[in-house]
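Contents: one structure, followed by commentary.
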Amino acid sequence: MDTEILARIQFAFTIAFHYIYPPLSIGLGLILVIMEGMYLKTGNKLYERMTRFWIKIFALIFGIGVATGIIMEFEFGTNWATYSKYVGDIFGSALAAEGIFAFALESGFLGILLFGWNRVSPRVHFLSTIMVFLGSLFSAVWIVVANSWQQTPAGFHIVGAGMSARAEITDFWAMVFNPSSVDRLLHSWIGAFLAGAFMVISVNAYYILKGKHLEIAKPAFKIGLVVATIFSLAQLFTGSKSAEGVAKNQPAKLAAMEGHYDSSAVADMYILGWVNNKTQTTNGIAIPYGLTFLIHHDFKTPVTGLRAFHEDERPRQVNAVFQFYHIMIAIGVALIALTLYSCWQWRKGKLFDKRWLLILLAWSVLLPQLANQCGWFTAEMGRQPWVVYGLLKTSDALSKAVSANQVLFSLILFMLVYATLFVLFIYLLNKKIKHGPVDDSTAETIEEGSKRDNPLLTH
């Protein structure tokens, strides 16, 4: 492999591994705010125990997320020096804003969140929970803004020429609110809320199947289910809006997402299929004129296809973009169906009676993670061959001094270190889940004292 491919693989591996954790911390942050808010409102100690337990899980996820995220900033300098020089003023300002307005807020209140239960008042502790959650949201804002600027650059001008060229900000807010940032931010936020909600659903489904901690597992499960239902439906609308933005701002990416080659023709929308880039054909099950209707809201307006672009200005791995995109959509539809069916069973009073459903929900924690990963792979692979859309190609963004052997060696080391971190994470997570949200000695007392005033314990 050449240096470019290895560098891309290394960055894809590190960012994909890192992206397991931030969505979970954002989603669990929302759940913690809800749980602790219910504790303050009702005074029910069950919600306090519930919150304390999930704070421990949150702390573990937050720590691993920070450790795995730092390495990517070094990769910008080692493997992508030309890119860093070109976008440093813009990307650097977004990262600086994240550090000042987001990470400082999140980490500043994290100590109170973790250790302040018996040291500050309940309202102050609740405030710290809200601040940590808001910090995680703001962190996502600046990361998505930086990435969205690469997708749809705005609010800048180019200084210099050739290898000395670099982008400088001319309008900070135009850079922040570039054409794709808001749609992509909402889409990413909701994906994170779903990741956190389904983790809560999964763990508590496991407890219910095992008959453990039922006094806490059932209400926590229902909190997770309400959040998951609301945001799985919301994701349907943000996804559609995001696709419309891609059609307007990055037509080559949209064409790759749907395997559409005709330079200007009405387009079907595939449910599933396979793209042959050599023959430039797509075969599968499709909704006739579906893509045309989704983008233009009629059945006659043509959609720009891949043949409208020069070969070196369109994605090379069209089938990969197509498959990642459709896997993401399939998972989104599955989450909607799963949550709505579970809510229907809840209304019928049979939510916890169907063992097969609880088993399915226990494994459902994997689905939002897969959807989030597929969404990012779609966005990044679909942008190729550009690292900054229409301005800087990926092949031109590499460091000139780094060799393929150096990148390969560091990639192997990263894989070993990250594999160790993942094993450690799973071990500690499993240990905390097995221990459960309450001590065995207090479980019966809590259950007896809380059944009377906790409506979520009933079917």
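The values are calculated or read from the model by the stated rules, or taken from the named source; none is laboratory data. In this text the structure is predicted, and so the values were computed from the model without any measurement. Note that we place each Cβ from the backbone using ideal geometry, even for glycine, and neighbour counts take in every protein chain shown.
Applying the condition of being within 20 Å of Leu233 (Cα to Cα) and β-branched (Val, Ile, Thr) to the stretch 338-377 and asking which residue is surrounded by the fewest Cβ atoms within 10 Å (Cβ to Cβ) yields Val365.
Checked against (1) within 21 Å of the chain's Cα centre (by Cα); (2) farther than 14 Å from His187 by Cβ; (3) surrounded by fewer than 20 Cβ atoms within 10 Å (Cβ to Cβ), Leu225 meets all criteria but (3). When Val66 is tested against the conditions (1) in contact (Cβ under 8 Å) with a residue 40 or more places away in the chain; (2) within 23 Å of the chain's Cα centre (by Cα), the lone failure is (1). In the stretch 156-163 there is no residue that is part of a helix (DSSP H, G or I) and either modelled with pLDDT of 95 or more or of a type in the set (Val, Ile, Thr) (or both).
For first residues located in the stretch 311-333 and assigned to a helix (DSSP H, G or I), partners that are of a type in the set (Lys, Arg) and lie 6+ apart or on another chain with Cβ distances below 8 Å form the pairs Val321/Lys253.
Quick check: is even one residue across the stretch 110-130 within 22 Å of the chain's Cα centre (by Cα), closer than 25 Å to Asn372 by Cα and without any contact (Cβ under 8 Å) to a residue 40 or more places away in the chain? Checking the stretch 110-130: not a single residue is within 22 Å of the chain's Cα centre (by Cα), closer than 25 Å to Asn372 by Cα and without any contact (Cβ under 8 Å) to a residue 40 or more places away in the chain. Within the stretch 62-77, the set of residues being within 18 Å of Leu392 (Cβ to Cβ) and crowded, with 18+ Cβ neighbours inside 10 Å comprises Glu75, Phe76.
Counting only residues that are farther than 26 Å from Ala252 by Cα and in contact with a Lys or Arg (Cβ under 9 Å, 6 or more places away or on another chain), the stretch 164-187 holds 1 of them. Residue count for the stretch 344-374, restricted to those that are closer than 23 Å to Gly211 by Cβ and in a helix (DSSP H, G or I): 11.
Just one of the numbered conditions (1) surrounded by fewer than 13 Cβ atoms within 10 Å (Cβ to Cβ); (2) in contact with a strand residue (DSSP E or B) (Cβ under 9 Å, 6 or more places away or on another chain) is not true of Gly88: (1). Based on this model, can you work out whether Leu233 counts as buried (at least 24 other Cβ atoms within 10 Å of the Cβ), at pLDDT 95 or above and within 22 Å of the chain's Cα centre (by Cα)? Spelling it out, it is not the case that Leu233 is buried (at least 24 other Cβ atoms within 10 Å of the Cβ), at pLDDT 95 or above and within 22 Å of the chain's Cα centre (by Cα). Looking only at the stretch 384-423, residues that are over 17 Å from Phe91 (Cα atoms), assigned to a helix (DSSP H, G or I) and touching a residue at least 60 places away in the same chain (Cβ under 8 Å) come to 12 in all. Within the stretch 303-314, does at least one residue satisfy the condition of being within 19 Å of the chain's Cα centre (by Cα) and aliphatic (A, V, I, L, M)? Within the stretch 303-314 (the criterion being within 19 Å of the chain's Cα centre (by Cα) and aliphatic (A, V, I, L, M)), the answer is no, since none of the residues qualifies. Can you name every residue in the stretch 76-103 that is more than 21 Å from Ile158 (Cβ to Cβ), touching a residue at least 12 places away in the same chain (Cβ under 8 Å) and under 21 Å from the mean Cα position of the chain (by Cα)? Scanning the stretch 76-103 gives Ala97, Glu98, Phe101, Ala102, Phe103.
Report yes if Ile100 is in a helix (DSSP H, G or I), modelled with pLDDT of 90 or more, out of contact with any strand residue (DSSP E or B) (no Cβ under 6 Å at 6 or more places or on another chain) and surrounded by fewer than 19 Cβ atoms within 10 Å (Cβ to Cβ), otherwise no. The answer is no for Ile100. Selection of the stretch 30-75 for residues being at negative phi and either polar (S, T, N, Q) or not in a helix (DSSP H, G or I) (or both) yields Thr42, Asn44, Thr51, Thr68. Evaluated against (1) crowded, with 18+ Cβ neighbours inside 10 Å; (2) in a helix (DSSP H, G or I), Leu209 falls short on exactly one condition, (1).
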